[in-house]
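Asker: Pasting a structure here, questions to come.
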Amino acid sequence: MTRPPVGSIVIDETGGPDRAAAASAPRPRVTARQLALVSAITKSPELKRRLVGATDALQAGLRLCVGGEPLTSGAILGSGLVGVVSAGTLDRGQRPVALKRARARLAFFREALRVERAVASSLVELGPLRAADVLFAGDHTLVKELVTAPTLAELLVRGGLERAQERALEGVLEVVRFGLSSWGVALDVSPKNLAWHDEWVLLDAGPKLRVGDLARVAELRSFSAYVDAYRAKLSAGPSAPSAVTAPAAGEELLEAPERHVFVRELWQWFPLDPSVDAHSFSVDVDESMASDEIVIERDARGVVWVEPGTPHAIQEAAEAAWRGVPSTSPARGPSLAAVARTPTGRLYRALGAAPPPLPAALVRPYRHWRDVLAAGTEHTALDLHCHEPLADPSLPQAPRAPEGLPRGATSFRARVPTPAGTFAELSCVVAPGSDRAIVLVPGFRAGVEATHALVSALLARGHAGVFVSAYLGARNPDGQALVTGGAWETPLLVHVLDYTVACLEGRSITLVAASHGAAAAMEVAALHPLVDRLVLDSPLARPLELYFHVARARGQALEQARAELREGQLPAEVASYAIPEREGLEVLALRPVPDLLTDVCGFPEGPARVVEYAGPHAATMRHDAHVRGVPEACIAALEPLVAR
């Protein structure tokens, strides 16, 4: 159905201050719906707690790249309604920094960080108050100067201030008054957000969403009035939203809502405030702003509006969440439910099913699958699940990173936190010039090095963006790496995409996968709203068919072969994969001719542009691609899908 009219949300714009002087002020811009969502959350302590509870904090030791600068996250320092602040260390010079990350990739959070940068820059000229320097910035992350001086809260709890500090604080209130009158921005000068370092330093220059009592306190310009106003916030410990540290006991102020929205980033329904006082907020209503966080809206009659292009499985899961029951989607998508609450992102964690078991099978490494097929060897068909990267002593060693990085690019290795017994090892290149992420998933026994020849070729042709090569799988009790026919690869790939978006600033995703890796890629591309381009090299319609083909060739009965899989905690039924079809998804399939593997396992059907090439199976990402090179026909076909 069509989007509900904006007029269905009442925005009270009467009696507010003259905005003409603040026409160019650095205020957050939001749509009426976004403001109604923010208003509901700020009025309701329960909704605040839900927002905070849906936040995934970064684990210490996680690798990130913000504004092209690689760094490592540290311990959490504090939090507010908009974001969570952690310690961090820049690679360059090992400089300690503060890392502020929005609670979710929501438009109004993004605007709050944009305004924080603008305010921090503007405060430089005002004297009585400076803000912690913003060193690097992404859409939803800021890297800032780490200020270790005592906060005003700590000083007051210890026993008070010197007279010079009190006078300086009165000067801060003058800056607050100026910010309100000239910029239309309410600065958060609460005691835990001010530190004394020979002057008052604003730790977080982000705007207060609600003005509250700030204007009255600023107008008084009195230290005692300030202390009286903020006395309730004088407590020990790190900063945190008041709804969490001291839940309100009174009734919520939110009227009975008529509309609810499903916020994809938080995987929850939130009400819209039906009556919003726009002038109680330090924001400007601008209907041209994106509403990327709101994908489904429901009114009091049960009429639902869905953002065009929203995958059907997400719609089903949203409806299930509304009813409070588990998702019943018949698609393979519910395997994404194996993604538990991850430390790097929040997509699809509410789909509800239990994670698959970890493999128990013991396997022998092999050089080529025909070695497993050959009679008179110790191999069994089960060995095809071996995922240890192939080391061929007859070949020169593959480079550990893509070669020929352009000026300003950086490369590093990373490990994404995943469930115990699984792994997601990454090789990353951030080449400035594009916010497109190219995520590469090779096939059987191919580590991240197998992708470097392709990445190097794309960089040499001038392509920029975030290149993430992923080696995914699960380990048996002996620590051997195994493939699991998509059972674990699918949720692990979601972890990787979450990491790419949350920590490396990818905004749209080209997913490139080969051979066995294509199974997970087809599942994830069918559901993930940020994957808009999919490249499949030598995809297999029925990957497990190879196992049964080898088992039959070795004289093994079908039921015995299935029993071995079940005993080894591996999928035992042949799953069929198809090229996904959904609005906004462009698909390229590369098919080697001839190719015995696709002859055995089938080539997936579906809407894709198919390009045939002369070369071995999965030629774009093989263990020997650094020697063979990547077929030119593959690169030429692939280039338009990695362009910005």
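Asker: Can you work out which of the residues in the stretch 70-83 that are crowded, with 21+ Cβ neighbours inside 10 Å and of a type outside the set (Ser, Thr, Tyr) is modelled with the highest pLDDT?
Answerer: Within the stretch 70-83, the match that is modelled with the highest pLDDT is Leu71.
Asker: Here are the criteria: (1) under 23 Å from Ser282 (Cβ atoms); (2) among the hydrophobic types (A, V, I, L, M, F, W, C); (3) in contact (Cβ under 8 Å) with a residue 12 or more places away in the chain. Tell me which single one Val124 does not satisfy.
Answerer: All conditions pass for Val124, except number (3).
Asker: Something else about it: Condition test on Val550, is it on the phi < 0 side of the Ramachandran plot and within 17 Å of the chain's Cα centre (by Cα)?
Answerer: Judged against the criteria, Val550 is not a match.
Asker: Please go through the stretch 44-56 and give me each residue that is over 13 Å from Leu266 (Cα atoms) and open to solvent by less than 40 Å² (accessible area, probe 1.4 Å), ordered by number.
Answerer: Within the stretch 44-56, Ser44, Pro45 qualify.
Asker: To continue, here is another question. Test of understanding: among Gly486, Gly443, which residue is in contact with a Ser or Thr (Cβ under 6 Å, 6 or more places away or on another chain) and part of a loop (DSSP other than H, G, I, E, B)?
Answerer: Result of the check over Gly486, Gly443: Gly443.
Asker: OK, next. Could you list all residues from the stretch 130-169 that are under 22 Å from Val283 (Cβ atoms), out of contact with any Lys or Arg (no Cβ under 6 Å at 6 or more places or on another chain) and hydrophobic (A, V, I, L, M, F, W, C)?
Answerer: Across the stretch 130-169, the qualifying residue is only Ala131.
One line per residue, one yes/no per condition, for (1) without any contact (Cβ under 8 Å) to a residue 40 or more places away in the chain; (2) touching a Phe, Trp or Tyr at 6+ places or on another chain (Cβ under 6 Å); (3) open to solvent by less than 10 Å² (accessible area, probe 1.4 Å); (4) of a type in the set (Asp, Glu):
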{"position": "Ala437", "(1), (2), (3), (4)": "no, no, yes, no"}
{"position": "Ala457", "(1), (2), (3), (4)": "no, no, no, no"}
{"position": "Ala460", "(1), (2), (3), (4)": "no, no, no, no"}
{"position": "Ser469", "(1), (2), (3), (4)": "no, no, yes, no"}
{"position": "Val483", "(1), (2), (3), (4)": "no, no, yes, no"}
{"position": "Gly486", "(1), (2), (3), (4)": "no, no, yes, no"}
{"position": "Thr510", "(1), (2), (3), (4)": "no, no, yes, no"}
{"position": "Ala513", "(1), (2), (3), (4)": "no, no, yes, no"}
{"position": "His516", "(1), (2), (3), (4)": "no, yes, no, no"}
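Asker: Which members of the stretch 131-155 meet the condition of being of a type outside the set (A, V, I, L, M), under 32 Å from the mean Cα position of the chain (by Cα) and surrounded by fewer than 20 Cβ atoms within 10 Å (Cβ to Cβ)?
Answerer: Asp133, Phe136, Asp139, Glu145, Thr148
Asker: Mind checking which residues of the stretch 159-184 are open to solvent by 50 Å² or more (accessible area, probe 1.4 Å) and at pLDDT below 85?
Answerer: Gly159
Asker: For the stretch 54-69, name all the residues that are more than 12 Å from the chain's Cα centre (by Cα) and outside any loop (DSSP other than H, G, I, E, B).
Answerer: Answer for the stretch 54-69, where residues must be more than 12 Å from the chain's Cα centre (by Cα) and outside any loop (DSSP other than H, G, I, E, B): Arg63, Cys65, Val66, Glu69.
Asker: Give me the residue from the stretch 578-598 that is at pLDDT 95 or above and not hydrophobic (A, V, I, L, M, F, W, C) and, out of that set, nearest to Leu530 (Cα to Cα).
Answerer: Taking the candidates together, the pick is Glu586.
Asker: Then there is this: Evaluate the stretch 561-575: report whether one residue or more is small (Gly, Ala, Ser) and touching a Gly at 6+ places or on another chain (Cβ under 8 Å).
Answerer: yes
The values are calculated or read from the model by the stated rules, or taken from the named source; none is laboratory data. Here the structure is a predicted model, which is why all the values come from computation and not from measurement. Cβ sites come from the backbone with ideal geometry, for glycine too, and all protein chains shown count toward neighbours. Calculation scope for accessible area: heavy atoms of the full protein, side chains included, ligands and nucleic acids excluded. Shrake-Rupley method; radii C 1.70, N 1.55, O 1.52, S 1.80 Å.
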